[in-house]
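No lab work stands behind these numbers, since they all come straight from the coordinates. Quick caveat, the model's predicted, so the values are computed rather than measured. Note that we place each Cβ from the backbone using ideal geometry, even for glycine, and neighbour counts take in every protein chain shown.
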Amino acid sequence: MTRVAVVDYGAGNLVSIARALQAVGSEVALARDRAGLDGADALVVPGVGAAAPAMARLRRHGLAGPIRAWAASGRPFLGICLGLQLLFEGSDEDGAATLGVLPGRTVRLDGAPSLPHIGWNQVERRRDDPLLAGIADGADFYFVHSYAVRPDGPGAAALTLAETEHGRRFVSAVGRGRLWGVQFHPERSGDDGLRLLANFVALADDERDSAAVSRVPPIGARRADG
Amino acid sequence: MLRVRVIPCLDVAGGRVVKGTRFVDLVDEGDPAELAERYARDGADEIVFLDITAAPEGRATMLAVVERTARRVFVPLTVGGGVRTVPEMRDVLRAGADKVSLNTAAVRDPELVRRCARRFGSQAVVVAIDARPVVGGPIAHGRPADRDAARRGSWEVVVQGGRRPTGLDAIAWAERVVAAGAGELLVTSIDRDGTHAGYDTALLRSIADRVPVPVVASGGAARPADFVSAVREGGAAAVLAASIFHRRVHSIANVKAAMAAAGIPVRLGRGVAA
């Protein structure tokens, strides 16, 4: 069974993400410090709220360095909401410097008819990715946020998996190899959300198998169940 | 495009779903977790549990219900009733709820809204406003009632299921709790609750025009057309109903189909016909 470490740093509701990951057949361990990552096949960083207090808590728990190293290593990683935003270089919300694994910043969702952006909205595919296998282009996912990431530099377009419109278009999912981040909450997005998490767990499982078989490169998309 | 949410509300007492007319004559309608799961399958965009007894001794029962539901329902879950303090709200969120709805406790202690929003974020704080039309002119609540208010109508906030008037003007109260950090308002026309007379769209519109946060329409839904009116005329961002869903008078899919036909953006998931 795929073992998923969910980072617990006091930034929001872990119950729903833990239960959703269990519902798709993974074993969940809450990671409160560096040792909590030991033995994990995949890492999930959830979170709601502002970047500065979240970074402060990660540092206090000795987790900022290990999370950055994990995300940079190419091992399976999923950032959700604030967990996606922390992957970038900094946040305009409070000026915090964040993990800097991906190029770009978190910026306010200007021009939105209402903020926070709360509710179900469409996730429009910009390129195919095994994380979104079996999910219709334009499927609805549940959002709760006022800021969104803006990937920057030459790799920005390749990083963008999906976009969503709320006043303006913003990046709602990114991916690079086995590193993914989503602005929406798959754990609160019904069947499609569970499908995304099942895909993530299956991809992490592939990774574990291929690592066991003498470092054979990962074999692309394995669909969860069609 | 952001969807208008359709939300079934489950009134919970003693660990069971109940429904009565105007909060009395309660009838047992089933197990909360089971009903919530059925609704999620039928396309519910969110589930609301209201602990209508809200007695201190019932808190543990309600937490157990939330916990049980959160294991099998993967859409947002809002819980109202019985939360009076920040630690009580924390317990409900830890049990698996995404939002907590404050009603009587906010009227008694308006600063509670601010404290909860500061601790958990505005997105987790809903204020439920039960309102009743004022006959014979608007409430002045400390300043002269203006002519506009007299023309558009005026509503008073009531608590304890409508049994106790508060003297608060519903629109002014809505503005006040939003300023304090409420991320959403659940506006119930208490006289229409359970009557199937349709939503009070004038009340909804009066509040929706004054606050930037989503207004959830509640109280009186009977036909799919009522849901359309709540959005079109009332300006609601979400529509909530209880008995018509519990008694299978209309399915969530029916309601969504009617809304979609009227040009309202709704989420049409698996098993929901467009």
Task: Which of B:LEU204, A:LEU86, A:LEU109 has the fewest Cβ neighbours within 10 Å, and the rest in rising order - done: A:LEU109, B:LEU204, A:LEU86
- [ ] Give me Rg over Rh for the protein assembly as shown, both radii from the alpha carbons and Rh done the Kirkwood way, two decimal places.
- [x] 0.98
Open item on the list: Need one value for A:117-129: mean number of C-beta atoms belonging to other chains within 10 Å of its residues' C-beta atoms.
Closed with: 4
TODO: Convert each backbone phi in the stretch A:116-126 into a coupling constant with the Karplus relation 6.51 cos²θ - 1.76 cosθ + 1.60 (shift: θ = phi - 60°), then list the ³J(HN,Hα) values in order as whole Hz, x for Gly and Pro.
DONE: x, 7, 10, x, 8, 8, 7, 9, 9, 5, 9
Open item on the list: Quick check on chain A: helices-only [θ] at 222 nm, where DSSP H runs of length 4 and up contribute -39,500 (n - 2.57) each and the sum goes over total residues. Nearest 500, please.
Closed with: -8000 deg cm²/dmol
- [ ] Would you please give the residues with an amide H less than 5 Å from that of A:ALA173, counting only those at least 5 places away or on a separate chain, with H modeled from the backbone geometry?
- [x] A:LEU161, A:ALA162, A:GLN183
TODO: Assuming 0.692 mPa s and 37 °C, estimate D for the stretch B:5-261 with Stokes-Einstein, Rh taken as the Kirkwood radius over Cα pairs, in µm²/s.
DONE: 182
Task: Debye, to nearest 20: dipole size of chain A, +1 on Lys, Arg Cβ, -1 on Asp, Glu Cβ - done: 480
Open item on the list: Viscosity 1.306 mPa s, temperature 10 °C: give me the Stokes-Einstein translational D for the stretch A:3-212 in µm²/s, with Rh taken as the Kirkwood radius over C-alpha pairs.
Closed with: 95
Task: Karplus 3J(HN,Hα) series, Hz, for the stretch A:19-31 with 6.51 cos²θ - 1.76 cosθ + 1.60 (x for Gly, Pro) - done: 5, 5, 5, 5, 4, 9, x, 10, 9, 10, 10, 7, 10
- [ ] Divide by every residue of chain B the summed helix terms, -39500 (n - 2.57) for each DSSP H run of at least 4, and state the resulting mean residue ellipticity at 222 nm, rounded to the nearest 500 deg cm²/dmol.
- [x] -9500 deg cm²/dmol
Open item on the list: Need one number: % antiparallel among DSSP beta bridges in the protein assembly as shown, to the nearest 5.
Closed with: 45
TODO: Using amide H atoms built 1.01 Å from N in the peptide plane, name the residues 5+ places from A:ALA31, or on other chains, whose amide H lies under 5 Å from its own.
DONE: A:VAL6, A:VAL7, A:ASP8
Task: Interchain or long-range residues, amide H under 5 Å from A:GLY104's placed H - done: A:GLU89, A:ASP152
Task: In sequence order, calculated HN-Hα J values of the stretch A:131-145 (Karplus, 6.51, -1.76, 1.60; Hz; x Gly/Pro) - done: 4, 9, 4, x, 10, 5, 4, x, 4, 8, 10, 8, 10, 8, 6
Task: Antiparallel DSSP beta bridges within the stretch B:5-261, as percent of all bridges there, nearest 5 - done: 30
